[in-house]
1. Take the eigenvalues of the Cα gyration tensor for the stretch 1-45, scale each by 5, and report the square roots as semi-axes in whole Å, largest first.
2. First select every other residue whose beta carbon is under 12 angstrom from the beta carbon of residue 64; then total the charges, Lys and Arg +1, Asp and Glu -1.
3. How long is the gain from residue 53 to residue 65 if the chain were fully straight, where each residue apart is worth 0.36 nm and the alpha carbon distance is subtracted?
4. To test your reading of the geometry: what angle, between 0 and 90 degrees and rounded to tens, separates the Cα axis of helix 10-22 from the longest principal axis of the chain?
5. Would you compute, from DSSP H runs of 4+ residues alone, the mean residue ellipticity of the chain at 222 nm, taking -39500 (n - 2.57) per run and dividing by the full residue count, rounded to the nearest 500?
6. Can you work out ³J(HN,Hα) from phi for every residue in the stretch 39-50, in order, using Karplus 6.51 cos²θ - 1.76 cosθ + 1.60 and θ = phi - 60°, giving whole Hz and x for Gly and Pro?
7. For the chain, report the translational diffusion coefficient in µm²/s to the nearest whole number, using Stokes-Einstein at 20 °C, 1.002 mPa s, and a Kirkwood Rh over Cα pairs.
Amino acid sequence: MTRLSIDIPNELHHFLKVHTAHKNDTIMNFVREAIYHKIAQEKVLNAESIKILEESAKGLNINKYSAYKEMYKKLNLI
């Protein structure tokens, strides 16, 4: 296990202490659960991503390139 140190306002620290004590939990467990929740939340696809994946599965809006350099130019990557 490793240690994590963060600077937070006194009010937030007080809130965390009161909140976790009320739930009979620890600040460490509260923060750990918040981190896991945030990571899981970011794994959920948004509406735009779902639409693009559905279009791709149907073969819609798929661009074809003869070489990766052509694709890079089209995407303004080079």
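1. 21, 13, 12
2. Its environment carries a net charge of 0.
3. Length gained, residue 53 through residue 65: 2.4 nm.
4. The helix 10-22 is inclined about 80 degrees to the chain.
5. Calculated mean residue ellipticity at 222 nm is -19500 deg cm²/dmol.
6. Running phi through 6.51 cos²θ - 1.76 cosθ + 1.60 with θ = phi - 60° gives 5, 5, 4, 6, 7, 6, 6, 7, 4, 5, 5, 4 Hz.
7. Here the translational diffusion coefficient equals 123 µm²/s.
We did not get these values from a lab; they are worked out from the coordinates using the rules stated. These figures come from a predicted structure and were not determined experimentally. Every residue, glycine as well, gets a Cβ built from its backbone with ideal geometry; the counts of neighbours run over all protein chains shown.
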